[in-house]
Amino acid sequence: MSTMEYRKDFLSCLDSDTSLKILMCLDDPADLVRVTCVSRSWRHSVIENGLCKQLCLRMFPQLSRVAFVVELNQHGAKEHAEVGSSYSMEWLVLQREHRVFAYLGKALMSSVAMNCIAKTVGASSTDNFPRESIDNTLEPRDTISGRFSYWSSNGQSNPNVPETLTYELISEICVITEINIQPFQAYFQQGSPIYSANAVRFKMGHPKASLDAVDDELFVWTYTSPEFPMSQENRLQKFKLPEPVLCIGGILQIELLGRVQRQEMDGLLYICVSHVQVLGGSLSPPFSVNILQPSGMFVLKRDQLANHQPVVKSGNESEDVSVEPRGMRDYQQIVTIMRGQVVGFVEDEWDEEEYDIDDFDPEQAF
């Protein structure tokens with residue numbers, strides 16, 4: 001096989017629909033970024049068809065509510081049209097979406113698992129406030145200062161009366177994968193009963209813009225999980241969502257459905273919880289949202305400066321990542337990409353006035 005045949009662009013031999021189907025088979029944002037570095041025509045195809053955005057939508061359907069994207073602190077960034085085209089607003093918007101969704105895709109696939117609860121919002125009822133308040137569910141210990149730590153609902157004679165626990169998450173945009181709940185076992189009562197619910201369900205969403213006095217619902221729920229059965233066992237029970245969920249708005253509510261345990265003292269049914277965990281990852285501070293009321297659509301914002309990470313050294317010392325001249329940084333990245341060893345994302349769009357990517361010969365880089 002000759003050198004010319006080896007370097008031939010196989011996508012140019014296919015019709016546009018077929019080449020697009022091939023590119024849409026890529027399921028990693030890093031691969032799409034590699035594609036944009038192969039040639040100007042491949043880059044144009046990825047950006048024009050919004051492939052990074054489409055990939056993020058397939059991963060998290062909640063992103064279908066994005067009205068538009070915004071880049072913050074883009075000092076010195078150059079947005080330019082392709083050779084032979086005008087500085088159309090449409091192309092600049094496509095470039096911006098490509099960058100934002102490429103970085104978002106990376107963040108969605110690399111978020112670190114952590115407990116995402118920031119604070120409690122409230123419970124539908126509380127038996128003895130504040131001793132048995134929802135705040136106790138944030139404490140993993142069963143006892144504090146010799147006193148049992150748990151939340152308790154009011155007693156009910158009807159086993160079908162539900163309860164809710166509502167929490168604010170650590171940011172307005174989080175990926176949630178699992179919710180863990182531990183029912184409370186009352187060792188101080190005869191028989192040590194466990195006051196679990198019969199089932200649980202989870203809702204995610206955002207607060208309403210204004211509080212309507214005639215509407216008891218204070219939140220807009222954009223996701224509702226299926227019901228999960230809960231065991232009447234004193235352990236941290238794990239409820240993994242069918243798919244990771246992008247919580248936009250930072251509010252999570254736990255619905256406790258069905259009562260199974262009566263209190264011997266009054267004969268009423270209670271639900272009690274000792275601990276709650278919400279596992280997932282925060283996409284903040286690099287990403288933030290602005291909810292557009294009353295439509296429920298939102299603006300997705302990416303802060304370029306928030307991507308800057310310190311290099312952690314021994315002890316508590318740290319130093320900033322050194323910034324190389326852009327030309328040298330781009331050259332090193334493109335060589336790494338050609339070698340198939342990409343570990344990160346290209347920071348900016350290629351400067352095509354400085355580098356003719358179509359004519360780049362990978363053999364000359366080694």
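Where a number appears in this text, it was derived from the coordinates with a stated rule and is not lab data. Owing to the predicted nature of the structure, the values given are computational and were not obtained by experimental measurement. Neighbour counts are summed over all protein chains in view; Cβ atoms, including those assigned to glycine, are modelled from backbone coordinates with ideal geometry.
General observations
- Residues with amide H under 5 Å from that of residue 208, placed H, sequence gap 5 or more: 219, 220
- On the basis of the beta-carbon distance and an R0 of 45 Å, residue 131 and residue 28 show a calculated FRET efficiency of 0.35.
- Compared with the direct C-alpha span, the chain from residue 88 to residue 265 gains 56.3 nm at full extension, assuming 0.36 nm per residue.
- Fully extending the segment from residue 157 to residue 115, taken as 0.36 nm per residue of separation minus the present Cα-Cα distance, adds 11.7 nm.
- Virtual spin-label span in nm between residue 240 and residue 41, 7 Å along Cα→Cβ: 4.4
- Estimated FRET transfer efficiency (residue 178, residue 232; beta-carbon r; R0 35 Å; 0.05): 0.95
- Whole-Hz ³J(HN,Hα) from phi, Karplus 6.51 cos²θ - 1.76 cosθ + 1.60, for segment 267-276, glycine and proline x: x, 9, 8, 10, 10, 10, 10, 9, 7, 9
- Taking 23 Å as the limit for the C-alpha separation, the pairs 240/301; 53/203; 208/240; 53/208; 203/240; 119/208 exceed it in the case of 240/301; 53/203; 208/240; 53/208.
- Order of 298, 60, 129 - criterion: other Cβ atoms within 10 Å of each residue's Cβ, fewest first: 129, 60, 298
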